[in-house]
Amino acid sequence: GYELGRAALDRGKAVSYFHYLDGVLVPVANQRLPDCSDASLYDEMPTEKYQALLADGAEVVCCGLCVDARGIDPETDYPEGVEVGLLPDLADMLGEAERVVSL
């Protein structure tokens, strides 16, 4: 999802993400991933990637029920700018979208 969003932002498109179910774990800060720097698989941590997308105007919304069910504290666990919403917010995002990609 990051590379698609980055490419769209680089082309001047609006980019919005809605994370649902376990997807709400993706933007959590301070994750520990294996050191795969030789393969460039994890050249940046997910939080750093989200911060870059947010800085460039992307909207990131995580399902509030899913966040609560997984014990995530949005104030401390997410980078600044990640919002918490509900399914009506997803419906609004879909209604405004030019294109939708589901991963």
>> Residue pairs, Cβ under 7 Å, 6 or more apart or interchain, first in segment 4-26 and farther than 24 Å from VAL67 by Cα, second of a type in the set (Val, Ile, Thr) and modelled with pLDDT of 95 or more. List them.
In response: ALA8/VAL15; LEU9/VAL15
> For segment 1-22, how many residues are at positive phi and not in a loop (DSSP other than H, G, I, E, B)?
Replying inline: 1
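With segment 23-103 as the region, which helices (runs of 4 or more DSSP H) entirely inside it contain at least 3 residues that are within 11 Å of the chain's Cα centre (by Cα), closer than 29 Å to ARG11 by Cα and at pLDDT below 90? Outline the logic, then answer.
Details: elements: 46-55, 64-69, 74-77, 87-96.
In segment 23-103, 46-55 are the helices (runs of 4 or more DSSP H) which contain 3 or more residues that are within 11 Å of the chain's Cα centre (by Cα), closer than 29 Å to ARG11 by Cα and at pLDDT below 90.
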>> Restricting to segment 60-84, count the residues that are surrounded by fewer than 17 Cβ atoms within 10 Å (Cβ to Cβ) and within 14 Å of TYR17 (Cβ to Cβ).
In response: 2
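The values are calculated or read from the model by the stated rules, or taken from the named source; none is laboratory data. On a predicted model such as this, the values are computed, not experimentally measured, just so you know. Positions of Cβ are backbone-derived with ideal geometry, glycine not excepted, and every protein chain shown enters the neighbour counts.
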